[in-house]
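Peer 1: Here's a structure for you.
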Amino acid sequence: MDLDSTEINDKTLDHLISERHRRITTSLHLEENDYDEHQSKFKTLSGLLKNFIGVKDIVSLRISLPAQLLEPIGNLEYWNYNDRPDYFVCIGVSDDPLERMLASIRWWFSKDLKYVKGKLVKPYNSILGEQFSCHWDVTSPNFDNKGNFIDDRESNLSGISNGNQKYRVTCINEQISHHPPVSAFYYQCEEKGVSAYGIDQIYAKFTGTSVKIGPGEQNKGIYINLDKRDNEEYLLTHPVALVQGWLKASLYIAVGESCIVTCPKTKLKAIIEYKEEKWLGKPKFAFEGKIFKYDPKNDDINKLKNVNDHNVVAEVTGSWRGQVHVTRCDTKVSSSVSRLLLDMEKLEAVPKQVKPLSQQSPLESRKVWQPVSSALFSKDNAKATKEKQIIEERQRQKASERKTNKQEFVSVFFKLPVINGKPELKSAGINALK
């Protein structure tokens, strides 16, 4: 859609951003002209990356890209760990500790559904203090009395099953450091007593054939808290991701190493190891995992090969882009029958509900980048780059003023510094989640 950027009002821009986001995070195809534009961005980025082969961390280089290479969406809005909030609200439902661990793992696989179904894009880099908030209204998925999913096409696509009670999940993000880039996030379903929080910081290294992305020093993983289970807490660590397909001009994500899930209160631990993809042949995106009893005070097992089989209570296998199966092997279950835990092939990312631009504060993502997004949707790349430079220069001036006045950045939502990757909310953050 070609528009004069001066004519794009708030309501129209809201619609354009939301629709564009929906198309890049789901299996909906981009329109033909958008696809050509996407391929052009890819070729330019690929050429730029060749200059950084061997650089330890591209993220730390403070690279400012031309606006036309970016997707008209903020980093905080795009990098969001809750693509299936309906699986989030049901984590604490079961009275069985093992089923709650499995529910955490189910949500873990579903949270990044956009990388399975959507297009890989480069969003705007967040400015210091930038905020993003949204919510979802969803229903809890349907299960039978054996814990199996009851397939529901409407729920698979939207996170809502007709006739079931809706629950609201709220989300806040804030950029709490610019050098290095660090953001804090918090998700909550107050009615269900479920929350998740953590620090988002990554490193990126280009090898010549792939971009390796891993958690930064402050990123310890995602914490899940179940308030109605005596504050049962889980920590899920991030694996590494590889952006591959540069030689064939068809990018896709491969996952390597492992995710480790620990719950000290229930004394259950899971190790999920992602299988290395072979150089030749079609990628399989396979993994295997085990859930086992462990001693939180003496915890040194980080590989599947070191897990004592006598302590194993369940095994999880499958493809993180397809079907995930679980087999319980604890004494509470008479037969070790495999069941479907999750089918990624049938799911789509649930759209975020974002308040209108007209109601957003100056530091909220869509408001911050409004002039750049308006220009990009109008195909005015020169103006988009100029507006982006204005925003970046304003940030440099503010940083210089803080340095001159010996002032530290003050977060609106989170207490600083963040200890052990676990952000704590200020009163403003608590209020923002309600």
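Peer 1: Report, to the nearest 10°, how far helix 32-49 tilts away from the longest principal axis of the Cα atoms in the chain, using its own Cα long axis and a range of 0 to 90°.
Peer 2: 90
Peer 1: Go through the stretch 193-206 residue by residue and turn each phi into a ³J(HN,Hα) via Karplus (6.51, -1.76, 1.60, θ = phi - 60°); whole Hz please, and just put x for glycine and proline.
Peer 2: Using θ = phi - 60°, the values come out as x, 10, 9, 9, 7, x, 10, 10, 8, 10, 10, 9, 9, 9 Hz.
Peer 1: I've got another one for you. Could you give me the ³J(HN,Hα) list for the stretch 154-161, computed from phi with Karplus coefficients 6.51, -1.76, 1.60 and θ = phi - 60°, whole Hz, x at Gly and Pro?
Peer 2: 4, 5, 4, 8, 10, x, 10, 10
Peer 1: Using only DSSP helix segments of four residues or longer, with each worth -39500 (n - 2.57), what per-residue ellipticity at 222 nm results for the chain after dividing by its residue count and rounding to 500?
Peer 2: That calculation yields -7500 deg cm²/dmol at 222 nm.
Peer 1: Can you tell me the 0 to 90 degree angle between the C-alpha axis of helix 381-404 and the longest principal axis of the chain, rounded to 10?
Peer 2: Between the helix axis and the principal axis of the chain, the angle is about 80 degrees.
Peer 1: What is the angle, in °, between the Cα long axis of helix 97-110 and the longest principal axis of the Cα atoms in the chain? Nearest 10 is fine, range 0 to 90.
Peer 2: 30
Peer 1: In nm, to one decimal, how far is the Lys415 label point from the Ser361 one, both placed 7 Å along Cα→Cβ?
Peer 2: 1.9
Peer 1: So which residue, out of Thr404, Thr25, Thr237, gets the largest mean-square fluctuation from a GNM of the chain using Cα contacts under 10 Å as springs?
Peer 2: The residue that fluctuates most here is Thr404.
Peer 1: Sort 111-121, 319-329 by packing, meaning the average of other beta carbons within 10 Å per residue, with the highest value first.
Peer 2: Those peptides, ordered most packed to least, come out 111-121, 319-329.
Peer 1: Here is a further query. Quick check: Cα centre of the stretch 183-199 to Cα centre of the stretch 84-123, how many Å?
Peer 2: 13
Peer 1: Can you grab the distance from the C-alpha centre of the stretch 243-278 to the C-alpha centre of the stretch 145-167, Å, no decimals?
Peer 2: 27
Peer 1: Continuing with this model, one more query. Heavy-atom accessible area per residue, the chain, 1.4 Å probe: how many Å²? Can you show the working numbers first?
Peer 2: Working: 21420 Å² over 434 residues.
For the chain, the per-residue accessible area is 49 Å².
Peer 1: Report which label in (1) 19, 36, 36, 9, 0; (2) 24, 59, 17, 0; (3) 25, 55, 19, 0 holds the value of P(r) over Cα pairs in 20 Å bins from 0, in percent derived from the coordinates of this structure.
Peer 2: (2)
Peer 1: Taking all protein chains as present, what is the carbon and sulfur share of the accessible area of the chain, in % to the nearest whole number, probe 1.4 Å?
Peer 2: The computed percentage sits at 49.
Peer 1: Can you say what percent of the DSSP beta bridges in the chain, counting only those with both residues inside, are antiparallel? Round to 5.
Peer 2: In the chain, approximately 95 percent of DSSP beta bridges are antiparallel ones.
The values are calculated or read from the model by the stated rules, or taken from the named source; none is laboratory data. Note that this is a predicted model, so its numbers are computed, not measured. Note: ideal-geometry Cβ built from the backbone for every residue, glycine included; neighbour counts use all protein chains shown. Accessible surface areas use protein heavy atoms only, side chains included; no ligands, DNA or RNA. Shrake-Rupley method; radii C 1.70, N 1.55, O 1.52, S 1.80 Å.
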